[in-house]
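One structure is given here, and the rest of the page talks about it.
The values are calculated or read from the model by the stated rules, or taken from the named source; none is laboratory data. Given the structure is predicted, the values throughout are model-derived calculations rather than measurements. All Cβ positions, glycine included, derive from the backbone under ideal geometry; neighbour counts span all protein chains shown. Accessible surface is based on the protein model in full, side chains and every heavy atom, while ligands, DNA and RNA are left aside. Shrake-Rupley method; radii C 1.70, N 1.55, O 1.52, S 1.80 Å.
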Amino acid sequence: MQALGPLILSWRSVLAPGIVALTAVVTMLVGSGLSEDESESVGWIALTGLVAAAIASLAASGDHIVTFGGSLIIDDYTAFFYLLIPVCSAVVVLFSFDYVAALGLPATEYYALLLFATTGMMLMAGAGDLIVMFLGLETMSISAYVMAAMAQRDPKSSEAGLKYFLLGAFSTGFLLYGIALLYGATGSIKLEAVAQMVRKHSIALSPFVLLGLGLILVGFGFKVAAAPFHVWTPDAYEGAPTSVTALMAVGIKLGAFAGFIRVLLIYLAPLHAQWSGVLWALAALSMTVGNLAALAQENIKRMLAYSAIAHAGYILVGMTAGRSEVGPALLYYLLGYAFANLGAFAVLVAVEQAQQSGTKLDDLSGLARNHPMLAAAMALFMLSLMGMPPLAGFVGKFYIFSVALESRYVWLVIIATLNSVVSAYYYARVIVAMYMREGAERQAQTRQPTLLFALAVAALATVIIGLLPHPYISASSAAYASAEQVLRPATAALQTK
Amino acid sequence: MIVEFPALNLLLLMPAIGVAFNLFFGYRLGRSAVNTVSVGVVAIAFALSVWATVKLATMPPGSCLQAQLGPWIYAGPLRLDVLLRFDALAAVMSLVVSGVGCLIHIYSCGYMGEDPDFARYFAYMNLFTFSMLLLVLAGNLLLMFVGWEGVGLCSYLLIAFWYDNPLFAFNGRKAFVVNRIGDVGFLLGIFVLFSAFASHGLWTLDFAEMRERAGLISPAIATIACLLLFFGATGKSAQIPLYVWLPDAMVGPTPVSALIHAATMVTAGVYVVARLNFLFALSPSTMEAVATIGTVTAFFAATIALAQSDIKRVLAYSTISQIGYMFLGAGVGAFGAAIFHVVTHAFFKALLFLGAGSVIHALGGEQDMNRMGGLRRRMPLTHAAMLAGTLAISAVPGFSGFFSKDEILQAAYTSGHKTLWLIAVVTAGLTGLYMFRLFFLTFYGKPRLSEERFAEVHEPPFVMAMPLVVLAALSVFGGLIGLPEGVLWGNQIGAFLAPITGRVSAAPAQAVMLLSAITSGVTFIGIILALIGYVVIPTLPERLAAWAQGLYRLLWSKYYVDELYDFLITRPVLFLSSAILGRNVDSLAIDAVVDGTGEAVQGGATAVRRVETGNVQHYVLIYLGGVLLIVGYYLLSALRH
């Protein structure tokens, strides 16, 4: 326990999430004073706060420091997500403005909850103990449950919120139980202390540690929507307002994976032999179920939900490998995944509004003629999710699979590659519908500068991250390496023994 | 001495800028903008080439300029850069490519003045120039291959430029396919070289480094690699056995033919052999093969040219024949002479094609010499220019072709290839005969056009006439850069190229005189025969043709080589692909596997979809199932310890 050093209270570790949380409070205060028509403008406050937080993320970068008695960690890994998560939330805000008004969502609550959810995600990325991790996860999840149910006019939205909440609560129980078991076995909730304890052979294989590990896997598996804990995903994604779906598919995934990767790959690395088998199964199942089920979907949001499950599977493939080489690949993959998904949902939001239609595949028919730019952007995002060179999705997939292959997970990579082939079909279906089907003549082009800006950001990121991957890969490597610093001295000590 | 010279990047990129401009703005900004930019970029490239050459000439022999456009492929130990290198050989080639290319671009402004597709045309022309410059300037073999392929692509695009004519499209495809066959050899050659050098720790395929370490390569490997590369060269440079595309390439716009034959494309093969001379020198048997194929091609193509009536077709076979001479030169070790012949050939062949283009343009697309005749009165300027070109290609003493061809023939003789020399001399006579046949049929004798059409024949406009005049001057005087040793300033180009290509020892002065006299004598015999046959006694050729009907038919039908290839290769391949692979393997076996997979996946999808009932209790059950499996797994493994 002495290894944790003196108690450091650093503003650097809380600046970025603090700004977001504070903005949420300001949003509520300002919003409560505004009439319903004016309340849209709180979106701008939210946007400002998110941008400020993204800039403030720089404060968290640097060498690995544990602050607040082990609760929060400052390093490049934290900074990486402190930057990425607010940016993704900001993109969601950008395409929410008119959409919130069109659906009649309560703007003040919408933006406040979005900011709270963002705070939670960021806490998960920076958490240094299991309680803060859990706190972040719950902050993020509870906000998301409410947001999913926000479109009160739409019964599907309420259904989505309720299902998400019920299963979420269920899953929280398992996660908390897992944390409790780990605490019981190791005597600490601090990740660093837990890591030191499980290095000892006798403790590592105690039933409490193993059970705790299993239940933590269940809890995180639920949040990242890995099969078989994915069953809520399609219903929740379909019923929630599309911009909320985007937040769920991107932000929540980012937060959950940020925590999951840190806990498992870095702190519980000594237990690799114990968890890799389970992850192997989760990965294979997620990819197969996700891709197969996506084939049969007619609703694009549902299809993207299954696609998100499949992508969680691809990321789990990398995590199964568990070597430190795979860390940068995972972070890079998340980057590409985030922007392609944000873009796809932004297009859906635009289509819903421009055409006053739903999000069925048929609603996209002939989009290339009516809205050529939207169609081109959507095609780009689908190709990236498919893993088509030279887009970000391809580089990420290639990177993860090649590291997994080097780690001799040959069969898993074969399964993953076959799944990629299958996935091409349903992504291509979207492109076929947009470009090769005749759609009803629709017009009413709504001009939304913020939405177009969000689309442009997502499209540019998808292209640039894929075309010039080097700076992003090195940023990912630096981030992961700084998170790994915690292990080095201890590992060295272990080896000299 | 190696000097960094970043302007090389600009030299290469100028035509690329032209391509982008023409593609994206060409039609919007109109014809005059397209003409200005397309010619301008090539002219700037030429100016930069001149600048670089002047700089290079002031440096000690064996120096080069280089520029790095950026890293290209770094994978493991493999390190390939986009490295441009400007040595003496690259200097000569890039001057020719950009200089003659620029004149052809200028001429095109007039020739394509009515064509609605001008922007596409000039985009392709610029791309052609770009590819050829890349080929010439590339510092490593793989980068050169990019240019090599680009040249092949552009030839296809331009030959089939008027693609709505099915025959033209077919001929474009033929050029492409034949070139691809050669490319297979070329690629295999690169692979052999790469593995050979890589096993000695050289992973860059850089020409200079390969040259330094050529000694590491065993003669057997060198022979294999060089034969494969040479096979590729026969494709681009239209030699036996892959020459068949070039005569059919005549269907493109005539300036394109000029570009393909003079400045780009067909000289690429000769350039590659000259560039890799240090490897070819390791393999005497390959050198023999190069010399022999060159000579046989030269003779063979010259005989075909005798019996053709399409003016461009005669020129096409003359190109094949002249390139044969270049390979003869390369094969006997006179790489410098071969490149010298590339240069003079570029002058006079561009001139001849552009002159022929003027005739065709004036006659409204007529290419058959049997319908021409007497044109010298209507087109005195074109007539004079064509005369200069014909004298130059026939290697009449004093004209440019004489010096370069003579150097090749002397090298062939002094290196002991007496049989090849003899065939080449006979071919020189044939060259005089068929070229003056073309000249007389076109410009002399009675007009065979109808009165009205003959009256409409006119000289080309200034933009087309100007390049003719410049090229005519070059065809007449261009040979002065490579006079025989001991005459005035001697062989300047040979000395300039010597650090790269090496030099062959010259024959004694008396032998030189004698050999030149023999060649020139044979050439004059050919010219006189043409004069007799096509001016003095115009009925003679017909009687001759009737007398030796079989031979005439054989020549007229180009030895039936196209038919032979069709029978031996095209038909069997088509049969294999459609009757066997298409009807059986593809539709029965592969389709079944593909469809079956698809159906199986769809079935799986439906099954998985059924799990999603929308019922939360079911969801919890599935979830719990997962939890139980994981918990059970860990409990079991805990129990085991």
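Among (1) more than 28 Å from B:ILE181 (Cβ to Cβ); (2) modelled with pLDDT of 80 or more, there is one condition B:PRO572 misses while meeting the rest; what is its number?
(1) is the only condition that B:PRO572 fails.
Within segment A:154-169, does at least one residue satisfy the condition of being of a type outside the set (Lys, Arg), at pLDDT below 95 and in contact with a strand residue (DSSP E or B) (Cβ under 7 Å, 6 or more places away or on another chain)?
Checked segment A:154-169: no residue is of a type outside the set (Lys, Arg), at pLDDT below 95 and in contact with a strand residue (DSSP E or B) (Cβ under 7 Å, 6 or more places away or on another chain).
Name the residues in segment A:206-227 that are touching a Leu at 6+ places or on another chain (Cβ under 9 Å), at the interface with chain B (Cβ under 8 Å from one of its Cβ atoms) and without any contact (Cβ under 8 Å) to a residue 60 or more places away in the chain, would you?
The answer is A:PRO207, A:LEU211, A:LEU215, A:VAL218, A:PHE222.
Just one of (1) within 10 Å of chain B (Cβ to nearest Cβ); (2) closer than 17 Å to A:ALA236 by Cα trips up A:LEU282, so point out which.
Every listed condition holds for A:LEU282 apart from (2).
For residues that are at the interface with chain A (Cβ under 8 Å from one of its Cβ atoms) and closer than 21 Å to A:LEU176 by Cα, scanning just segment B:630-641, find the one that is surrounded by the most Cβ atoms within 10 Å (Cβ to Cβ).
B:ILE630
Is there a residue in segment B:608-620 that is open to solvent by less than 70 Å² (accessible area, probe 1.4 Å), more than 30 Å from A:ALA204 (Cβ to Cβ), more than 8 Å from chain A (Cβ to nearest Cβ) and not β-branched (Val, Ile, Thr)?
Yes, because at least one residue in segment B:608-620 is open to solvent by less than 70 Å² (accessible area, probe 1.4 Å), more than 30 Å from A:ALA204 (Cβ to Cβ), more than 8 Å from chain A (Cβ to nearest Cβ) and not β-branched (Val, Ile, Thr).
In this structure, does B:PRO538 turn out to be more than 10 Å from chain A (Cβ to nearest Cβ) and in contact (Cβ under 8 Å) with a residue 24 or more places away in the chain? Give the steps one after another, and end with the answer.
Working: more than 10 Å from chain A (Cβ to nearest Cβ): yes; in contact (Cβ under 8 Å) with a residue 24 or more places away in the chain: yes.
Against the criterion (more than 10 Å from chain A (Cβ to nearest Cβ) and in contact (Cβ under 8 Å) with a residue 24 or more places away in the chain), B:PRO538 qualifies.
Return the residues of segment A:1-29 that are surrounded by 15 or more Cβ atoms within 10 Å (Cβ to Cβ) and modelled with pLDDT under 80; say none if nothing qualifies. Don't jump to the end; show me each part of the working.
Within segment A:1-29, the first condition is being surrounded by 15 or more Cβ atoms within 10 Å (Cβ to Cβ), and the residues that meet it are A:4, A:8, A:10, A:12-24, A:26-28.
Matches in segment A:1-29: A:LEU4, A:ILE8.
If a residue has to be within 30 Å of B:PHE86 (Cα to Cα) and touching a helix residue (DSSP H, G or I) at 6+ places or on another chain (Cβ under 8 Å) to count, how many in segment B:489-541 make the cut?
Initial filter on segment B:489-541 (within 30 Å of B:PHE86 (Cα to Cα)): B:489-506.
Still in the list and also touching a helix residue (DSSP H, G or I) at 6+ places or on another chain (Cβ under 8 Å): B:491-494, B:496-506.
The total comes to 15.
Looking at segment A:149-165, which of its residues are in a helix (DSSP H, G or I) and more than 14 Å from chain B (Cβ to nearest Cβ)?
In the first step, residues of segment A:149-165 are kept if they are in a helix (DSSP H, G or I); the result is A:155-165.
Correct list: A:SER157 only.
Conditions tested, residue by residue: (1) touching a residue at least 24 places away in the same chain (Cβ under 8 Å); (2) crowded, with 16+ Cβ neighbours inside 10 Å; (3) in a loop (DSSP other than H, G, I, E, B).
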residue	(1), (2), (3)
B:LEU12	yes, yes, no
B:ALA52	yes, yes, no
B:GLY62	yes, no, yes
B:ALA67	yes, yes, no
B:PRO71	no, no, no
B:ASP81	yes, yes, no
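When you look at B:PHE128, is it in contact with a Leu (Cβ under 9 Å, 6 or more places away or on another chain) and under 26 Å from B:VAL469 (Cα atoms), yes or no? Outline the logic, then answer.
Values: in contact with a Leu (Cβ under 9 Å, 6 or more places away or on another chain): yes; under 26 Å from B:VAL469 (Cα atoms): yes.
Yes, satisfied.
Condition (residue is within 12 Å of chain B (Cβ to nearest Cβ), buried (at least 24 other Cβ atoms within 10 Å of the Cβ) and either touching a His at 6+ places or on another chain (Cβ under 9 Å) or free of Cβ contacts under 8 Å to residues at least 60 places away in the same chain (or both)) applied to segment A:231-253: is it met by at least one residue?
yes
Among the numbered criteria (1) surrounded by fewer than 24 Cβ atoms within 10 Å (Cβ to Cβ); (2) away from chain B (no Cβ under 14 Å), which one does A:LEU181 miss?
Going through the list (1) surrounded by fewer than 24 Cβ atoms within 10 Å (Cβ to Cβ); (2) away from chain B (no Cβ under 14 Å), A:LEU181 breaks only (2).
Hey, which of the helices (runs of 4 or more DSSP H) in segment B:376-460, taking only ones fully inside, have at least 3 residues that are open to solvent by 20 Å² or more (accessible area, probe 1.4 Å), assigned by TED's automatic domain parsing to the domain that holds B:GLY486 and closer than 26 Å to B:SER108 by Cα? Don't jump to the end; show me each part of the working.
Details: elements: B:380-393, B:400-414, B:418-443, B:451-456.
Qualifying helices (runs of 4 or more DSSP H): B:380-393, B:451-456.
Given the conditions (1) in contact with a Lys or Arg (Cβ under 7 Å, 6 or more places away or on another chain); (2) closer than 23 Å to A:THR139 by Cα; (3) more than 9 Å from chain B (Cβ to nearest Cβ), which single one is not true for A:GLU298?
Going through the list (1) in contact with a Lys or Arg (Cβ under 7 Å, 6 or more places away or on another chain); (2) closer than 23 Å to A:THR139 by Cα; (3) more than 9 Å from chain B (Cβ to nearest Cβ), A:GLU298 breaks only (2).
Does A:ILE431 satisfy the condition of being open to solvent by less than 50 Å² (accessible area, probe 1.4 Å) and under 24 Å from B:PRO71 (Cβ atoms)?
The answer is no for A:ILE431.
Which residues, taken from segment A:166-192, are more than 21 Å from the chain's Cα centre (by Cα), of a type in the set (Ser, Thr, Tyr) and in a helix (DSSP H, G or I)?
Within segment A:166-192, A:TYR177, A:TYR183, A:THR186 meet the criteria.
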